[in-house]
Amino acid sequence: MSETLLNCLQYYGAAAGAIAALIVSLDLGRRPTGWAFVIFVTSSVALIGWGFLNDEGKGIGAQNLILLAINLIGVYRYLIRKKPVHAEAGA
């Protein structure tokens with residue numbers, strides 16, 4: 001595998017994960033948080049690729065398989081699922 005491609009996957013995965021974490025931490029609302037989870041998904045995919053194509057990254061690849069599932073749940077919850085309507089307090 002090309003060393004350049006592996007470096008791109010590794011650094012994109014790291015940078016995208018950091019950017020997504022920043023967006024989530026800013027608590028900008030449901031839609032921006034949902035898009036942060038989309039960025040997390042791309043980060044996980046990149047790090048899965050890097051982990052399993054690289055001789056030294058199997059652990060990161062395995063970890064990101066689990067994180068991919070978690071991030072897909074986040075995309076579903078924040079971008080796809082309709083927000084549940086809760087009964088007003090005291091009603």
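Applying the criterion of being free of Cβ contacts under 8 Å to residues at least 40 places away in the same chain and surrounded by 18 or more Cβ atoms within 10 Å (Cβ to Cβ) to the residues of the range 31-44, the residue that is nearest to the chain's Cα centre (by Cα) is PHE40.
Residue by residue, here is whether (1) at pLDDT 95 or above; (2) surrounded by 13 or more Cβ atoms within 10 Å (Cβ to Cβ); (3) among the small types (Gly, Ala, Ser) holds:
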| site | (1), (2), (3) |
| --- | --- |
| TYR12 | yes, yes, no |
| LEU26 | yes, no, no |
| PHE52 | yes, yes, no |
| LEU68 | yes, yes, no |
| ARG81 | no, no, no |
| ALA87 | no, no, yes |
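Condition first: among the hydroxyl-bearing types (Ser, Thr, Tyr), more than 15 Å from the chain's Cα centre (by Cα) and either farther than 16 Å from GLY74 by Cα or not in a helix (DSSP H, G or I) (or both). Can you find one or more residues in the range 7-30 that meet it? So far as the range 7-30 goes, no, none of its residues is among the hydroxyl-bearing types (Ser, Thr, Tyr), more than 15 Å from the chain's Cα centre (by Cα) and either farther than 16 Å from GLY74 by Cα or not in a helix (DSSP H, G or I) (or both). The residues of the range 31-59 that are more than 18 Å from LEU72 (Cα to Cα) and part of a helix (DSSP H, G or I), listed by number, are TRP50, GLY51, PHE52, LEU53, LYS58, GLY59. When you scan the range 70-80, do you find a residue that is free of Cβ contacts under 8 Å to residues at least 24 places away in the same chain, assigned to a loop (DSSP other than H, G, I, E, B) and touching a Ser or Thr at 6+ places or on another chain (Cβ under 9 Å), even just one? Looking through the range 70-80, none of the residues is free of Cβ contacts under 8 Å to residues at least 24 places away in the same chain, assigned to a loop (DSSP other than H, G, I, E, B) and touching a Ser or Thr at 6+ places or on another chain (Cβ under 9 Å).
Using the structure shown, decide if ALA62 is surrounded by fewer than 18 Cβ atoms within 10 Å (Cβ to Cβ), among the hydrophobic types (A, V, I, L, M, F, W, C) and at pLDDT 95 or above.
It is true that ALA62 is surrounded by fewer than 18 Cβ atoms within 10 Å (Cβ to Cβ), among the hydrophobic types (A, V, I, L, M, F, W, C) and at pLDDT 95 or above.
The values are calculated or read from the model by the stated rules, or taken from the named source; none is laboratory data. Computed from a predicted model, the values in this text were never measured in an experiment. For neighbour counting, all protein chains shown are included, and Cβ atoms are generated from backbone atoms with ideal geometry for every residue, glycine included.
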